[in-house]
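Have a look at the structure below, then the notes.
The numbers here are math on the coordinates, done by the rules we state, and not lab data. Worth saying up front: this structure is predicted, and the values here are computed from it rather than measured. Counting neighbours? That spans all protein chains shown, and the Cβs are built from the backbone with ideal geometry, glycine included.
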Amino acid sequence: MKLRIIIALMALAASPAFSQGIEFFHGSWEEALEEAKKQEKVIFIDAYATWCGPCKRMSREVFPDEKVGEFYNRHFINMKLDMEAGEGLTFRKAYPVSAFPTLFFINGKGEVVEKVRGAQDVDGFLKLGEKVLGLADNSAQYAEEYDKGNRDPELIYKYVRALNKAGKPSLRIANEYLDNQAELGTEFNLRFILEAAVEADSKIFTMLVNNRKALEGIVGEEAVREQIHTACQATVRKAIEFEHEALLQEAADKMKKHYPEKAEAFELSSQLDFYRHTGDAKNFTKTSKKYAKKVAADDPDELNKLSSEMAERFSNDQSAMKEAEELAGQAAEKGQQYQYYLNYAQILYLNGKQGEARNAADKSLELARSEGPAAVMMVERFIQQMGL
């Protein structure tokens, strides 16, 4: 019973305060529509009210999630609009809202692709995004022409791009086109390669890096680096899906070679995802230690989340719990927030250190008083339930 209570509180204590997640567009609604047309993306709009509890919960627990950020930043233009102020009042006239939050998905023409009332959790929000990609998928019209034998380069390029935007496999179509090209160095074919290099473990990725300088002259260095990173991420996802560690290493090696500035953080975070999926406590703990030292040393929020996850997933592993305690202590000392000290107290308690747990809980309670009654209640509940 006590363990379940601790796990529930731990999830709250580890709620991200300033972690990476969705990057929201800060321009006007008209500018968002222009950007959606330009990128051929759907706009996600969080239509919220400042007083709405479920809206706050999504902002606190869902939007900052790393997986949510990776998915939504890749596939959508993301925007938050207060429906009771500023541009939200104008938006609401065209797109009526009767409940908060309302989650809109609108294409570049201003047409509603999907509209959902009510807050979502992380899994539900990701599934909603996948559903919208399917609804906005226009690859079928290109597939029909392609299947009839149309091999116009522009049509094939649009077909591959549509498949990519819908999250569908595109390598077969792209390879068929590129295998028949005598000259890869034309501007059209270079742009095609950039669009088609969706996985690092593919020959098209090799074409991308072999023609990197020419591509950078056309689209700029940042666009090429972004595609390299995206392709390596896709290979990591494949490695996780098939539990294939060699693919994981291949993605890391290619990041080191072609995008060294982000390679170390990429490799360690990818390994954490892999070992998290496989339930490998030993390697997850080992990698967490490296990640904390080399990537998250100055980020108490990352240290706090990492320690909380280790304790939740691997509470029966002594080495993992020892490392979780160490990381939680660092987060609390560096961050000086009540959530961090509460997480530290919980892990100390799980490790059988009741006296130290009470000291950490007292510090958490002291900091919680400046946050308000809800924070105080959470800490007091932990102290009472654990009998400290």
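When MET377, MET255 are sorted by how many other C-beta atoms sit within 10 angstrom of their C-beta, beginning with the fewest, the order is MET377, MET255.
Straightening the chain between GLU216 and SER370 buys 50.4 nm, computed as 0.36 nm per residue apart minus the Cα-Cα spacing. Counting only cysteine Cβ atoms and a cutoff under 4.7 Å, the chain contains unmatched residues CYS232. Pairs of alpha-carbon atoms within less than 8 angstrom and 6+ residues apart define the contacts here; what relative contact order does the stretch 46-98 have, in percent? With pairs under 8 Å counted, the relative contact order is 43 percent.
Ordering GLY27, VAL62, THR90 by the projection of their Cα atoms onto the charge dipole of the stretch 15-135, which places +1 on the Cβ of Lys and Arg and -1 on the Cβ of Asp and Glu, puts THR90 at the extreme positive end.
Using a cutoff of 8 angstrom between alpha carbon atoms and counting only pairs six or more residues apart, the relative contact order for the chain works out to 13 percent.
Once the convex hull of all Cα atoms in the stretch 299-388 is built, its volume per residue stands at 80 Å³. The distance separating the Cα centre of the stretch 359-388 from that of the stretch 55-84 comes to 29 Å. Most tightly packed first, judged by the mean number of other beta-carbon atoms within 10 Å of their residues, the peptides 24-31, 199-206 read 199-206, 24-31. Each principal axis of the Cα cloud of the stretch 15-135 was taken in turn, and the coordinate range along them, longest first, works out to 35, 29, 23 Å.
So, R0 is 25 Å and r is the distance between the beta-carbons of VAL112 and GLU87; what FRET efficiency does that work out to, to 0.05?
0.90
Extent along the principal axes, Cα only, for the chain: 74, 53, 34 Å, with the longest axis given first.
Under a model in which nothing but the beta-carbon of Lys, Arg (+1) and Asp, Glu (-1) is charged, the stretch 15-135 shows a dipole of about 300 debye around its Cα centre.
Distance check, please: which entries in LYS127/LYS290; LYS238/LYS290; LYS148/LYS254; LYS115/LYS305 exceed 26 angstrom between their Cα atoms? Distance filter (> 26 Å) returns LYS127/LYS290; LYS148/LYS254; LYS115/LYS305.
Across every pair of different alpha-carbon atoms, what Kirkwood hydrodynamic radius in Å does the stretch 288-348 reach?
On the way: mean 1/r = 0.0919 Å⁻¹.
That comes to 10.9 Å for the stretch 288-348.
When +1 charges are put on Lys and Arg Cβ atoms and -1 charges on Asp and Glu Cβ atoms, the dipole computed for the stretch 299-388 relative to its Cα centre reaches about 280 debye. Under the simplified labelling scheme, the GLN181-LYS353 pair shows an inter-label distance of 5.8 nm, with each label point 7 Å from Cα along Cα→Cβ. For ILE77, the residues whose modelled amide H falls within less than 5 Å of its own, excluding neighbours fewer than 5 places apart on the same chain, are VAL42, ILE43, PHE44.
Taking the helices alone, the chain has a mean residue ellipticity at 222 nm of -20500 deg cm²/dmol, built from -39,500 (n - 2.57) per DSSP H run of at least 4 residues and averaged over all its residues.
Could you list, in their original order, any pairs among LYS131/LYS213; LYS131/LYS256; LYS67/LYS353; LYS67/LYS293 whose Cα atoms are separated by more than 28 Å? The partial results should precede the final answer.
Numbers: LYS131/LYS213 37 Å; LYS131/LYS256 34 Å; LYS67/LYS353 34 Å; LYS67/LYS293 22 Å.
Those over the limit are LYS131/LYS213; LYS131/LYS256; LYS67/LYS353.
Of the trypsin sites (Lys or Arg not before Pro) found in the stretch 71-114, those in coil by DSSP whose Cβ has at most 14 other Cβ atoms within 10 Å are LYS109.
Placing a label point 7 Å from the Cα of ASP253 along the Cα-to-Cβ direction, none of the residues of the stretch 268-309 has a backbone N under 13 Å of that point.
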